[in-house]
Amino acid sequence: MSIRERLSGNEATAYAMKQINPDVVAAFPITPSTEIPQYFSSYVDNGMVDTEFVAVESEHSAMSACIGAEAAGARAMTATSANGLEYMWEMIQIASSSRLPIVMALVDRAISGPLNIHCDHTDAMAVRDSGWIMLFSETNQEAYDNMIMAHRIAEHKDVMLPLMICQDGFITSHAIENIELIEDDKVKEFIGTYKPEHYLLNKQEPIAIGPMDLQPYLMEHKKQQSVAMENARKVIADIANEFEQMTGRKYDFFEGYQLEDAEYVVICMNSTAGTVKNVIDNLRVQGVKAGLIKIRVFRPFPGELIARALEGKKAVAVLDRVPLINGTGGPLFEDIVSSMYLENIHIPTINYSYGIGGRDVTEEQIHKVYEDLQNLNDMKEPFRFLALKG
């Protein structure tokens, strides 16, 4: 029997970490992720885990400690947000290029400046192509479930890449929801023991981690990272199937809501999906064939699958929770339109920037998006991005 509880997203993440019982957790506090290591440190203090908790002096040091621990053969985890992730930047790249399956909780928050501590996705999007697997979480339940699956994905012998679980700062991280927790013994059995093939403390196999990599080798090693990211597709699907058998909760690369017969489709990530679903329910009563694609797996990006799911639709709106300041659209928009182009699928598509710095995302705003989609041919700039105003 699952355990019914009421937890915030941060509590749910920390509880999953307790059940995982990693060898090392290294963290430095930053809003709105601070509660995760705070809650977890209480488990350490109470003897509920035997994790080595390393309270470091910066986020750069947090990722450095995780890299050292993972390279030595330990299972390592951390949590951060926004500027903390930026401060890790150098080590984020080293973790992925060294093929170290560190798991990180990223509680999404606007990157300074100006200073803002509330939700948008500028932090996650800044590292989207740094070699980390990226899973996004609409609800507290999904954040918890993604965390339980994370190590099985990252540590798979055909993957061996770091992985981050993203959830929206304050919106899910601090809001309390009903949640179903898995029994400790089932989590322990599902995750298993970490047994790396190569690690620094194996005296039978002296190795180097992060050596100088000049012209004869770097391209080959980057190719290996690319292959590992491709391999992650099958592993993510396989682990999700195992998870469904254990819990009854099904997860895919993306969720389609009222998608099969939809004519007008919104694509978004994380907590906004819940608001979009409510709007779709209202529009369906009015006879509007509205639908949603909620991205769960952002890296590796399931571009072909999404493009095929959009085939035959009349119009698409892509919602990016980032400022659109590059002149071509947001990162999710670019991934979607390039995926459709490669599959020779051509659908009128519009890009919206929304919810920057924690601005409320209302049903009224989402209704306006669907209205725009129904009148896309009448818009002067149908392929330009717009900003949703509060």
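Each reported figure results from applying straightforward, stated rules to the coordinates on display, with no laboratory input. Since we're looking at a predicted model, the values are computed, not measured. For neighbour counting, all protein chains shown are included, and Cβ atoms are generated from backbone atoms with ideal geometry for every residue, glycine included.
Things worth noting here:
- Antiparallel bridges, percent of DSSP beta bridges restricted to the chain (to nearest 5): 25 percent
- Among beta bridges from DSSP that stay inside region 254-387, the antiparallel ones total about 20%.
- Value at 222 nm in deg cm²/dmol, rounded to 500, when DSSP H runs of n ≥ 4 in the chain each add -39,500 (n - 2.57): -12500 deg cm²/dmol
- Rounded, prolate or oblate (a/c below 1.5 giving rounded, otherwise prolate when a/b exceeds b/c) for region 92-157 by Cα gyration tensor: oblate
- Classification of region 81-198 by its C-alpha gyration tensor yields an oblate form. The axis ratio a/c (a ≥ b ≥ c) is 1.5 or more, and b/c is at least a/b.
- For a straight C-alpha distance cut-off of 13 angstrom, the aspartates and glutamates reachable from Lys234 (same-chain residues fewer than eight places away being disregarded) are Asp158, Glu242, Asp252.
- C-alpha long axis of helix 363-374 to longest principal axis of the chain, angle in °: 60 degrees
- Normalised contact order of the chain, rounded percent, pairs of Cα under 8 Å and 6 or more residues apart: 16 percent
- Per-peptide average of other Cβ atoms within 10 Å, ordering 219-230, 108-119 highest first: 108-119, 219-230
- Against the main long axis of the alpha-carbon atoms of the chain, helix 9-20 sits at an angle near 40°.
- Taking the longest Cα principal axis of the chain as reference, the axis of helix 272-285 is set at about 30 degrees.
- Listed residue pairs exceeding 32 Å between alpha carbons, taken from Lys186/Lys289; Lys223/Lys277; Lys223/Lys294; Lys195/Lys223; Lys18/Lys294: Lys186/Lys289; Lys223/Lys277
- Sorted by Cβ density within 10 Å, fewest first, the residues Met104, Met48: Met48, Met104
- Overall shape: oblate for region 213-340, with the ratio a/c of the largest to smallest alpha carbon gyration tensor axis at 1.5 or above and b/c at least equal to a/b.
- Residue ranges 166-174, 332-340 sort as 166-174, 332-340 when ordered by packing (mean number of other C-beta atoms within 10 Å per residue, highest first).
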